Amino acid sequence: MTDPSAFALFLDFDGTLVEIAPRPDQVVVAPGLVPTLELLRARLGGALAIVTGRPIGVIDEFLAPARFDTAGLHGVERRLDGAVSGGGAEDHPELRARIARLHEMVGGLDAVLVEDKGASVAVHWRLATPADAERAQGAVEAVAAELAGAYRLQLGKAVGEIVPASATKGHAIRAFLREAPYAGRRPVFLGDDRTDEWAFETVNADGGVSIRVGSGETVAARRLADPAAVRALLERWAEGSPIDPDVLQPA
Ligand SMILES: [Mg+2]
């Protein structure tokens, strides 16, 4: 199938479109990425969205001046054609109360970062010593356990994140697929992290194409080596090559 109108494209950000950086604010957007995404979005009739753990506002800063349809905070908030739904910090008093405690628990650790996203919170330990990384993970696990039921813990690459239990990237993708211009298309989702595996399952179940970026066990059908390979593929698609995710290397 190579008709661009057959597909809806969903793209994770960190580790998929951009290389992972030591700190989340240090990622570098490759020159040419934004124009490529804009061209490809036009070719897909608008059916291109970013699906990320980051807040929508942070993605906007990285991809400025462009604004893309985005599911932020693992789907807690979603923007379609400029209209945002979900994601208000005021809806999460229980979580808010625990974030201060999380700061106290890890505040003394070097190179451990608490990222308050309003409706979710992430603890990063990429640059921490193994001992501090273990303490940071223990802290976020303890706080997540106190919030169990309404929230769940997502462990990623040197990051632990507490998110509303109902929020997942898979749900976000399905929500987009219920609305124009996504409805009726086959979803294609590219992601790199263990938290993306659930979304791969959803996309597989919906007859779409799941693409794992990088190495590691996966339920995805296809694989790309790294973000540079992702960008090269998107560039080819944007420039008019057949959109044929089914022929990529099997995972
Ligand atoms: Mg990622």
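Of note:
- Checked against (1) within 16 Å of the ligand (Cβ to nearest atom); (2) assigned by TED's automatic domain parsing to the domain that holds Pro35, Gly160 passes all but condition (2).
- Filter result (within 12 Å of the ligand (Cβ to nearest atom) and part of a loop (DSSP other than H, G, I, E, B)) within the range 202-215: Gly214
- Here the range 169-201 is the region considered, the condition is being outside any helix (DSSP H, G or I) and within 14 Å of the ligand (Cβ to nearest atom), and the residue that is nearest to the chain's Cα centre (by Cα) is Gly191.
- The residue list Gly82, Gly107 contains one member that is within 23 Å of Lys169 (Cβ to Cβ), away from the ligand (no atom under 16 Å from the Cβ) and not assigned by TED's automatic domain parsing to the domain that holds Gly184, which is Gly82.
- Set side by side, the residues Thr16, Thr70 differ, and just one is closer than 30 Å to Asp244 by Cα, polar (S, T, N, Q), within 15 Å of the ligand (Cβ to nearest atom) and part of a strand (DSSP E or B), which is Thr70.
- Residues in the range 150-163 that are over 20 Å from Leu11 (Cα atoms), touching a residue at least 40 places away in the same chain (Cβ under 8 Å) and either in contact with a Lys or Arg (Cβ under 8 Å, 6 or more places away or on another chain) or assigned to a loop (DSSP other than H, G, I, E, B) (or both): Ala150, Ile162.
The values are calculated or read from the model by the stated rules, or taken from the named source; none is laboratory data. The structure displayed is predicted, hence computed values, not measured ones. Here the Cβ is made from the backbone with ideal geometry for all residues, glycine too, and neighbour counts use every protein chain on show.
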